[in-house]
Protein chains: 2
Amino acid sequence: MRRYALGLDYGTNSCRSVVVDLRDGTELATCVCDYPGGEAGILLDPQDPNLARQDPRDYLDGTVTIVTQVLRKAKKADRAFRPENIVGIGVDTTGSTPLPVDANGTPLGLLPKFRRNLNAMAWLWKDHTGHAEAAEITETARKLRPRYLAKYGGTYSSEWFWSKVLHCRRVAPEVFDAAASFVEHCDYMPALLAGDTRPDRLARGICSAGHKAMYCEEWGGLPDKKFLAALDPALAGLRDRLYAKAWSADHLAGRLCVAWARKLGLKPGIAIATGAFDAHMGAVGAGIREGVLVKILGTSTCDMMVRRNNRELADIPGVCGIVDGSILPGYFGIEAGQSAVGDIFLWFVNHLVPESYGRTQAAKFVNLAKAAAAQKPGGHGLLALDWNNGNRTILVDVRLSGLLLGQTLHTEAHEVYRALIEATAFGALTIVKRIEEYGVPVKEIVNCGGLAAKNPLLMQIYADVTGRPMKVSRSDQTCALGAALFGAVAAGKNAGGFANVAEAQAALCGVRGTVYRPAPSAHKAYGELYGLYRQLHDAFGTREWSGRLNRVMKELIALRERQRG
Amino acid sequence: MRRYALGLDYGTNSCRSVVVDLRDGTELATCVCDYPGGEAGILLDPQDPNLARQDPRDYLDGTVTIVTQVLRKAKKADRAFRPENIVGIGVDTTGSTPLPVDANGTPLGLLPKFRRNLNAMAWLWKDHTGHAEAAEITETARKLRPRYLAKYGGTYSSEWFWSKVLHCRRVAPEVFDAAASFVEHCDYMPALLAGDTRPDRLARGICSAGHKAMYCEEWGGLPDKKFLAALDPALAGLRDRLYAKAWSADHLAGRLCVAWARKLGLKPGIAIATGAFDAHMGAVGAGIREGVLVKILGTSTCDMMVRRNNRELADIPGVCGIVDGSILPGYFGIEAGQSAVGDIFLWFVNHLVPESYGRTQAAKFVNLAKAAAAQKPGGHGLLALDWNNGNRTILVDVRLSGLLLGQTLHTEAHEVYRALIEATAFGALTIVKRIEEYGVPVKEIVNCGGLAAKNPLLMQIYADVTGRPMKVSRSDQTCALGAALFGAVAAGKNAGGFANVAEAQAALCGVRGTVYRPAPSAHKAYGELYGLYRQLHDAFGTREWSGRLNRVMKELIALRERQRG
């Protein structure tokens, strides 16, 4: 009898599902549901570009949609498919995306009293309203608990748990006081499906706890009360209402409850894996192992590596987090990333590309790519910084912004588009260099996510800029596949799943035949451009810099002329 | 009997004419003719963004169009108007825009042999192909003749005469060798109308000679042969085929010949003034006098001042030129300017503004301005440099380029538009500061040109940024009015014209009732932004800079937040 697992992946603008055949990883069916709330699923505040929230209602409705529809599609795709042969469910979400919840675990944003209060909603990963609090946490930790920062690249981010919770306490005490606890989206969803969302009962994942909430077994879990009280006594009080233990994603979080089984058309009792972030499960779905960098290329980017936890691993300055077990059990998970990649292209196409490139967003992307692909590296004379949403790695500074340089009176939109892709490639290279400098060799790069599958120009530029082949994960839904994989591992071998993650990866994961290989001449030109990028990067992004910038534009023009011959 | 003068103004994309009533400056009629050649009148080379040429054919055809049509319009406007009552013609053009000509003064570009040779055409002011030659001339002058550079702000520009001629010699020896001489467009047009374009006969203007060809009576006219030979022996040879004397624009260049009188529908013998550049005649048309800065705001910008030539005047570093008699006889003419102002907005609207702002260029401008006007200074969080076409004053460096900084994922086109206007305002303020630092007080600012008349948002931003009231010249065609004014002065009082320029200005010039006054709160915010602009300006544009740039973005964001409250 065939066995399947169901993967559920909750992203920034939509959620999606996949049914995976556990024999060989075949994806029987997938389904995507765009969140109806706000702008493309994000609740915004026109007065404050830092604010980004999500409506928990969209999570609930979205789940019903993507599961019922994917089951229908799976049946159509294969008449032999039976929902009762699904042995495990895994869930991944964005993060840190904490929700304030009541004692039952109900998100406050769902209660009538708070239904119109943005601060009672899910605080989406890219919400930066807590930037002042992030600076305060960094400062306090530097003074009182420097070790808390060492695994976070030296700086605590406004995207992370405590910045958000502390900001909530400051600007919305009515929400903070009403919250029995705060629960990460990735922990909430498995508990919801298991029928018990009580915050003192539900399984918290090591991924969110370790990467975002300074949880570490070494120092006894979450940050100690004295430290938290130094920030705000209310945080010390909250610590008791959070958790003492966090689990890796192969841990069984619970089993599908009757109520949700009925809603979804599944049988009750299916194993549900502990939740983790999309990037972490995506990395597993892409086949991560030692020496392999998995890049998840979406609206933002995550760069994931693992290192066996009995080997020496230095702290890596500017790298977001190093957490034991956050990706694979038994391995340190290393997470780096870029705060915006696909988001920069979407911004540009939606706001600054005229209809001469096409009438729809999709047509614009096609024609921009076609025109940009005809250019040689450096031929446009442009240089950009990929900081429209700040810089996550290696500067860990959300209060940076975009920069475009080199415009003439003839610069065209597709040239800017190419420069923006290149900027993200330079950002990617900066991360690879930093990780290698600290003793973790990158032997292979596997890409996944929408951009990897659908943007060959971008993949080629990444190969040319980094000078390394770019492989692409076989699955279009690597995160959801990773979630399904953990569902199957949580179910266990006896129930038709897998004994461990390595066994599951061997069965389910792979890369495509097409590999993007660097062209030597392009790599050489990009070597020059990257030098200029680093000048801007260091000048605008670091405190140490005291050099000269005035050669940048001249060298760009000289290169442009040489490239145009 | 009423008397009139005819002003002819040859711009970057079009030429225009005005018939002026000499009693009070009333403009009886005006006419504009877009040049049909190339892209908006400019011959381009897709391989080289530095190249910008014009077809001399467009000058000839354009002249017939704008004169015959303006006469027809003038007759319609006033039945009492008679073409025979036109007493003088004045001509202004862009510059330095030299044409290679044969011994008869015929532009080589009109000859069948050279008809398809871009190097035989008029080398438009904004052609930057001679940037290497400009650097060479600067270097050679620094070593051999430092005094040649002192009046040019210390750097010889690629926009100027000798850079273009030397570049022509290098890249197109067949054109250089065939050229009996090179004639500035502003000298060519009066000679053409007077029926004798022989280069050894026609009247050369002090304006072009002094500002662009290093002509100075003090050192015996054009640069000496030894200096020119150090650049290229062929330039020393060319010196003999140029001119020994140059004239201010009140000098009679000649009288309308029979052939052109017939073509244009005018009577032969009308006085024709010596030609000068558009900005210089525009300054006079706007009523320039000591203490008044006249800004001519068009595709690029010229900032003009005068200083009586018996008063002390220091060399002003980075100011394009100081030439005795170039604007008003008896006064030093001081010329500064920005290489691109309107051109930057046109570039932006044509290349990077989606149709959501309107379907036509004009509609886009209207809606961008409307949306941008609703923003507070600094509210967009953006900062730009106005260098898309290089920086003429005070850096005198064409090999600089545009910069836009501060983009987020929410930045909209009208915000960028406002940032670009502000960038040009900051550039304008930088010029005012530099001129005042060197002892020439700016007591009043009068604006003219298309942007002054038609862009109230821009005028208000200029007032807010500079903290000074912005007046606007009464005439919509200040340059053409200035040309007509010189026509009337060249004709002389006895022929119904004027005895001198001051008398003519008193009769013909004035400003509008609407004055744009600075708002104190906006001026304060712009004071902060200007500090950041200067950091970028100095970091990217000067060699001396060695400071820190890393605060720029943070301070922009902080200001944005304060402004948004």
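Would you mind telling me the antiparallel percentage of the DSSP bridges in the protein assembly as shown, rounded to 5?
Antiparallel bridges make up about 70 percent of those DSSP assigns within the protein assembly as shown.
For the range A:255-372, rounded, prolate or oblate, judged on the Cα gyration tensor with a ≥ b ≥ c (square roots of eigenvalues), a/c < 1.5 rounded, else prolate if a/b > b/c? Mind dumping the intermediate values first?
Details: a/c = 3.19, a/b = 1.31, b/c = 2.43.
Oblate shape, in that a/c is at least 1.5 and b/c is the bigger or equal ratio.
Return the long-range amide H neighbours of B:Asn389 (sequence gap of 5 or more, or a different chain), with a cut-off of under 5 Å between placed amide H atoms.
Under 5 Å from the amide H of B:Asn389 lie the amide H atoms of B:Ala340, each far enough along the sequence or on another chain.
With a cap of 12 neighbouring Cβ atoms within 10 Å, and only residues DSSP puts in a loop, list the trypsin sites (Lys or Arg not before Pro) found in the range B:338-443. Let's see the in-between values first.
On the way: sites: B:Arg359, B:Lys364, B:Lys370, B:Arg392, B:Arg399, B:Arg418, B:Lys433, B:Arg434, B:Lys443; in loops: B:Arg359, B:Arg392, B:Arg399, B:Lys443.
Answer by residue number: B:Arg359, B:Lys443.
Return the carbon/sulfur percentage of the accessible area of the range A:195-257, one whole number, probe 1.4 Å, all protein chains in place.
Its accessible area is 48 percent carbon and sulfur atoms.
So who's got an amide H within less than 5 Å of the one on B:Trp247, skipping anything under 5 residues away but keeping other chains? H placed 1.01 Å off N, in plane.
B:Arg204, B:Gly205, B:Ile206
Average partner chain C-beta neighbours within 10 Å, per residue of B:383-391?
Shielding by partners across B:383-391 averages 3.
For the range A:150-157, what does the Karplus curve 6.51 cos²θ - 1.76 cosθ + 1.60, with θ = phi - 60°, yield as ³J(HN,Hα) per residue in whole Hz, taken in order and with x for Gly and Pro?
Whole-Hz 3J(HN,Hα) from phi for the range A:150-157: 4, 7, 10, x, x, 9, 8, 9.
Compute the relative contact order of chain B as a whole-number percentage, counting only Cα pairs closer than 8 Å that sit 6 or more residues apart in sequence. Write out the running numbers ahead of the final one.
Values: 1305 pairs, mean separation 89.7, N = 565.
Over chain B, the number comes to 16 percent.
From Cα coordinates alone, what are the radius of gyration and Dmax values for the range B:364-425 in angstrom?
12.6, 35
Which order do B:Phe365, A:Phe486 take by accessible area at a 1.4 Å probe, largest first?
Largest accessible area first, the residues go B:Phe365, A:Phe486.
What is the angle, in °, between the Cα long axis of helix A:413-437 and the longest principal axis of the Cα atoms in chain A? Nearest 10 is fine, range 0 to 90.
70
Once you average over the residues of B:395-405, how many Cβ atoms of partner chains fall within 10 Å of each Cβ?
6
Hey, what's the Kirkwood Rh for the range A:346-498 if you take every pair of different alpha carbons, in angstrom?
After inverting the pairwise mean of 1/r, the radius is 17.7 Å.
Provide Rg over Rh for the range B:448-521; use the alpha carbon set for both Rg and the Kirkwood Rh (inverse mean inverse pair distance).
1.14
What aspartates and glutamates could a cross-link reach from B:Lys493, if we take a straight Cα to Cα line under 13 Å and drop same-chain neighbours fewer than 8 places away?
Within reach: B:Asp250, B:Glu503.
Defining a contact as two alpha carbons under 8 Å apart and six or more residues distant in sequence, what relative contact order in percent does the range A:183-293 show? Mind showing how you got there, number by number?
Details: 153 pairs, mean separation 35.2, N = 111.
For the range A:183-293, the relative contact order is 32 percent.
Checking the cross-link filter: which lysines have an alpha carbon closer than 16 Å to that of A:Lys212, excluding same-chain neighbours under 8 positions apart?
A:Lys126, A:Lys151, A:Lys164, A:Lys245
Rounded to whole Hz and in sequence order, give me ³J(HN,Hα) for the range B:3-18 from the Karplus expression 6.51 cos²θ - 1.76 cosθ + 1.60, θ = phi - 60°, writing x for Gly and Pro.
Going residue by residue, I get 10, 10, 10, 10, x, 10, 10, 10, x, 7, 10, 7, 10, 8, 9, 9 Hz, with x marking Gly and Pro.
Dipole magnitude of the range B:307-417 about its Cα centre, charges +1 at Lys/Arg Cβ and -1 at Asp/Glu Cβ only, in debye to the nearest 20?
240
Which number do you get for Rg(Cα) / (2.2 N^0.38 Å) in the range A:1-141?
1.27
Once you average over the residues of B:345-351, how many Cβ atoms of partner chains fall within 10 Å of each Cβ?
4
Report the Cα centroid-to-centroid distance between the range B:261-299 and the range B:75-129 in angstrom, as an integer.
What the calculation gives is 14 Å, centre to centre.
Counting each pair of different Cα atoms once, what's the Kirkwood radius of the range B:107-150 in Å, rounded to one decimal?
Value: 12.5 Å, from the Cα pair sum.
Give me the angle, in degrees from 0 to 90, between the Cα long axis of helix B:131-144 and the longest principal axis of the Cα atoms of chain B, rounded to the nearest 10.
Approximately 80 degrees, to the nearest 10.
State, to one decimal in nm and shortest first, how far the label point of B:Thr106 sits from each corresponding label point in the other identical copies (label point: 7 angstrom along Cα-to-Cβ).
Spacings between copies for this position, smallest first, are 9.4 nm.
Ranked highest first by the average count of other Cβ atoms within 10 Å around their residues, in what order do B:286-298, B:143-155 fall?
B:286-298, B:143-155
Tell me, what ³J(HN,Hα) does each residue in the range B:195-204 have, in order and in whole Hz, if you take phi through Karplus 6.51 cos²θ - 1.76 cosθ + 1.60 with θ = phi - 60° and put x for Gly and Pro?
3J(HN,Hα) across the range B:195-204, in whole Hz: x, 8, 9, 4, x, 7, 10, 6, 7, 8.
Which value does Rg/Rh take for the range A:301-435 over its C-alpha atoms, Rh per Kirkwood?
The Rg/Rh ratio comes out at 1.08.
With +1 on the Cβ of every Lys and Arg and -1 on the Cβ of every Asp and Glu, and nothing else charged, how large is the dipole of the range A:141-261 about its Cα centre, in debye rounded to the nearest 20?
420
Can you list residues whose amide H is under 5 Å from B:Val472's amide H, if they're 5+ apart or on another chain and H is modeled 1.01 Å from N?
Here the answer is B:Asn447, B:Arg512, since their amide H atoms fall under 5 Å of that of B:Val472.
Binned at 20 Å from 0, what are the whole-percent values of the Cα-Cα distance distribution for chain B, short to long?
22, 56, 21, 1
Where does helix A:361-373 land angle-wise versus the long Cα axis of chain A, in degrees 0 to 90, nearest 10?
With rounding to tens, the tilt is 40 degrees.
Find the percent of Cα-Cα distances in the protein assembly as shown that exceed 47 Å, and round it to a whole number.
Here the long-distance tail beyond 47 Å is 40 percent of all Cα pairs in the protein assembly as shown.
With labels modelled as points extended 7 Å from the Cα through the Cβ direction, what inter-label distance (nm, one decimal) is found for B:Val366 paired with B:Thr106?
4.8
If you filter the range B:307-357 for GluC sites (Glu not before Pro), then keep DSSP loop positions with at most 10 other Cβ within 10 Å, what is left?
Sites meeting the loop and neighbour criteria: B:Glu312.
For B:Glu528, place a label point 7 Å out from Cα along the Cα→Cβ vector, do the same in each other copy, and report the separations in nm, one decimal, smallest first.
4.0
Antiparallel versus total DSSP beta bridges in chain B: what percent is that, nearest 5? Please report the intermediate quantities before stating the final value.
Details: 50 of 70 bridges.
Here the antiparallel bridges make up roughly 70 percent for chain B.
Got the A:Ala229 label distances to the other copies yet, label 7 Å along Cα→Cβ, in nm, shortest first?
Taking the point 7 Å beyond Cα along Cα→Cβ, the inter-copy spacings are 9.2 nm.
Running Debye on the range A:1-63 with equal point scatterers at the Cα sites and no solvent, what base-10 log of I(q)/I(0) appears at q = 0.28 Å⁻¹?
With no solvent term, the Cα-only Debye profile gives -1.08.
The values are calculated or read from the model by the stated rules, or taken from the named source; none is laboratory data. Computed from a prediction, not measured in an experiment: that's the story for all the values here. Neighbour counts are summed over all protein chains in view; Cβ atoms, including those assigned to glycine, are modelled from backbone coordinates with ideal geometry. These accessible areas exclude ligands, DNA and RNA; they are computed on the full protein's heavy atoms, side chains included. Shrake-Rupley method; radii C 1.70, N 1.55, O 1.52, S 1.80 Å.
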